[in-house]
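Worksheet: the structure to be examined is printed underneath.
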Amino acid sequence: MPPEPEEGIPPAHRQAIGDLARRFEWELTGDPAPVPQSVMNANYRVETSVGVRFVRGHRAGLPRERLEREHRVMVWAKERGVPVAPPLADAAGHTVNSLGGRLWSVFPWVPGRSLLRGTVTAREAGLLGAMNGRLHRVLADWPPGDLHRNSELSWDTEKSIADLSRVDDLIRYYPAQTEEQLRVQGWIRDQLELLEGGAALPAAEFQGVPVQPCHGDPHERNLMVDAAGEPVAVVDWERFCLTPPAFEVLRTLTFALLLDEPLLTAFLAGYRTEHRLAAETVAPCVEFWWQSQLHNTWAYRDRFIKGNRAVEQFFPEGAAARRRYADAGYRAGLAGLLRREAC
């Protein structure tokens, strides 16, 4: 396994933030502070002479043109009634800056808080559902052009098996295994058993499900609310992509831990105030989402191969969701509920 990352702000990030200050022609008035719960990107709260800024060092592998499109759709969505805090441009008009081998962007700091997984109230679930519906309604009019399909819509069963087997081996031969590592290994082996036992279907079976432009990641942490609990910003648009709306609804319900009552029906009631799902897509999308999650190995790979401890929070939730969705009766019941409450 790779070494664990060191604490603190990497010197390269401090240098990049200083370079951004010069490009944006402001002074730093405080020490940059890492934003809690950042998983894939390097996010900082930066105090400057012109106010507080949110500075993001984008994860590796995102091309500039994809980030620039993300920034364009944020502006476009704001013009159509979605609360958004679009990026700021530097003195040369750029919203994406390459510094130290990484791409960086600067956003206004949005006062407020994100919803927090595991503490979402029924009212907040309704707000999140309504915002999901508004996003689907508004983004349906975005000209898709060459917009890419959501990466979660395709998979390779043999690769998923190989990835999980590799992680299983890493844990097996790691010296002084902890109880937590053994628990994770059990979840990995449960997933392998499903993949190898006939539950897996090829992604090609779902390619006829209609897709549209979607936010791509509209979970609880990406909706910010003010002190009164009212929505003020939808953030994190980097997964903007083509996705079936019902698939994205299931993604949000699962990741935000909203699959139980009263949160489930509160979310769906909120969604219905802004948009309606196409009834004929619901059952196929329940199966589509289940297969996508069955084949998903991202968190395990990121933790045990890349050393990203931030993803450990998703292990028990992911294992619990896979057990739930593995029940065909549960999936049928969930599809029926979505048809009644969100179509």
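The values are calculated or read from the model by the stated rules, or taken from the named source; none is laboratory data. Since the model is a prediction, treat every value here as computed from it, not as a measurement. When we count neighbours, we look across all protein chains shown, and the Cβ atoms used for this are built from the backbone with ideal geometry, even at glycine.
When you scan region 261-281, do you find a residue that is surrounded by fewer than 19 Cβ atoms within 10 Å (Cβ to Cβ), in a helix (DSSP H, G or I) and free of Cβ contacts under 8 Å to residues at least 40 places away in the same chain, even just one?
Yes: one or more hits.
Could you list, in sequence order, all residues of region 269-288 that are over 19 Å from L258 (Cα atoms) and in contact with a Lys or Arg (Cβ under 6 Å, 6 or more places away or on another chain)?
Of everything in region 269-288, just one residue is over 19 Å from L258 (Cα atoms) and in contact with a Lys or Arg (Cβ under 6 Å, 6 or more places away or on another chain), namely A279.
Looking at region 141-161, can you tell me whether even one residue there is assigned to a loop (DSSP other than H, G, I, E, B), of a type outside the set (S, T, N, Q), out of contact with any helix residue (DSSP H, G or I) (no Cβ under 6 Å at 6 or more places or on another chain) and over 29 Å from P108 (Cα atoms)?
Yes, region 141-161 contains a residue that is assigned to a loop (DSSP other than H, G, I, E, B), of a type outside the set (S, T, N, Q), out of contact with any helix residue (DSSP H, G or I) (no Cβ under 6 Å at 6 or more places or on another chain) and over 29 Å from P108 (Cα atoms).
I'd like to check something: does region 69-79 contain any residue that is aromatic (F, W, Y) and either surrounded by fewer than 16 Cβ atoms within 10 Å (Cβ to Cβ) or not assigned by TED's automatic domain parsing to the domain that holds Q207 (or both)?
Yes: one or more hits.
Just to be sure I understand, how many residues within region 39-80 are outside any loop (DSSP other than H, G, I, E, B) and either farther than 15 Å from A21 by Cα or not charged (D, E, K, R) (or both)?
Count: 26.
Out of region 141-164, which residues are of a type outside the set (A, V, I, L, M) and more than 13 Å from T297 (Cα to Cα)?
Hits for region 141-164 are D141, W142, P143, P144, G145, D146, H148, R149, N150.
Taking region 306-336, which residues are surrounded by fewer than 15 Cβ atoms within 10 Å (Cβ to Cβ) and aliphatic (A, V, I, L, M)?
Of everything in region 306-336, those that are surrounded by fewer than 15 Cβ atoms within 10 Å (Cβ to Cβ) and aliphatic (A, V, I, L, M) turn out to be A310, A320, A328, A332.
Out of the residues in region 296-343 that are assigned to a helix (DSSP H, G or I) and acidic (D, E), which is nearest to R117 (Cα to Cα)?
Out of the qualifying residues, it is E317.
Just wondering, is there one or more residues in region 39-60 that are within 19 Å of R221 (Cβ to Cβ), surrounded by 15 or more Cβ atoms within 10 Å (Cβ to Cβ), of a type in the set (K, R) and touching a residue at least 60 places away in the same chain (Cβ under 8 Å)?
Yes - at least one qualifying residue is present in region 39-60.
Given the options E25, E65, E70, name the one that is farther than 21 Å from E238 by Cβ and of a type in the set (D, E).
Details: E65 fails: farther than 21 Å from E238 by Cβ; E70 fails: farther than 21 Å from E238 by Cβ.
After ruling out the rest, the residue left standing is E25.
Quick check: anything in region 116-123 in a strand (DSSP E or B), free of Cβ contacts under 8 Å to residues at least 60 places away in the same chain and closer than 30 Å to E230 by Cβ?
For region 116-123, residues in a strand (DSSP E or B), free of Cβ contacts under 8 Å to residues at least 60 places away in the same chain and closer than 30 Å to E230 by Cβ: absent.
Kindly indicate which of A233, A227, A200 is touching a Pro at 6+ places or on another chain (Cβ under 9 Å) and part of a loop (DSSP other than H, G, I, E, B).
After applying the criteria, what remains is A227.
Please work out which residue is farthest from L170 (Cα to Cα), limiting yourself to region 180-204 and to residues that are free of Cβ contacts under 8 Å to residues at least 24 places away in the same chain and of a type in the set (D, E).
The qualifying residue farthest from L170 (Cα to Cα) is E193.
Can you name the residue in region 81-106 that is among the polar types (S, T, N, Q) and in a strand (DSSP E or B) and is also surrounded by the most Cβ atoms within 10 Å (Cβ to Cβ) among such residues?
By that ranking, first place goes to S105.
Let me confirm something: among P231, P213, P218, which residue is under 30 Å from H58 (Cα atoms) and in contact with a Cys (Cβ under 9 Å, 6 or more places away or on another chain)?
The unique qualifying residue is P213.
So which residues in region 111-146 are more than 13 Å from R221 (Cα to Cα) and modelled with pLDDT under 95, if there are any at all?
Selection gives P111, P143, P144, G145, D146.
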